[in-house]
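Only one structure is covered here, and it is reproduced in the block below.
The values are calculated or read from the model by the stated rules, or taken from the named source; none is laboratory data. Everything numeric in this text was worked out from a predicted model, so none of it was measured. Because the Cβ atoms are built from the backbone with ideal geometry, glycine has one as well, and the counts that use them run over all protein chains shown.
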Amino acid sequence: MSEFTSTKPYMIRAMHEWCVDNGLTPHLLVAVDAQTRVPMAYVKDGEIMLNLNYSATKDLLIGNEAITFSARFGGKASDLYVPLHAVRGIFARENGQGMFFQPETEETNHEAGKAKIAANVTESPDQPPDKPEAAKKPSLKLVK
């Protein structure tokens, strides 16, 4: 069985498009780590909020592995690189509507992929898959 790609980049692109189509300003909430290239002077509590509106960015590319673009901070141009595992959410500045994601790391993604493969190999087609013992409810954090 082949491994599926993550739905996260598709959801981010869709929310970005929805914001733009409705005249709203898409903002990206990012947890800054060693792989994230952003102006550190604007990072607060390990996070940064970025305006992804086309008028605020240059060469915006929302790829399957990372988001890249150029933007001006305090009049100085910067090239930004945001790996998708660092994205915490994308939302409209004007009304807060958007999507937020569970925290993850590159190692978490790799281990989850290995666990999925192992689970698919060990499951028997004659037996139904195990039910999760206690499914965690998703939680949202209001960002203003």
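Applying the criterion of being charged (D, E, K, R), in contact (Cβ under 8 Å) with a residue 40 or more places away in the chain and surrounded by fewer than 16 Cβ atoms within 10 Å (Cβ to Cβ) to the residues of the range 1-27, the residue that is farthest from ASN51 (Cα to Cα) is GLU3. Here the condition is being at pLDDT 95 or above, in contact with an Asp or Glu (Cβ under 8 Å, 6 or more places away or on another chain) and among the hydroxyl-bearing types (Ser, Thr, Tyr); of THR36, THR68, THR105, THR57, it holds for THR68 alone. Inspection of the range 43-51 identifies at least one residue that is modelled with pLDDT of 95 or more, of a type in the set (Val, Ile, Thr), over 17 Å from HIS16 (Cα atoms) and not in a strand (DSSP E or B). In the range 40-70, of all residues being of a type in the set (Val, Ile, Thr) and more than 21 Å from ALA92 (Cβ to Cβ), the one that is surrounded by the most Cβ atoms within 10 Å (Cβ to Cβ) corresponds to THR68.
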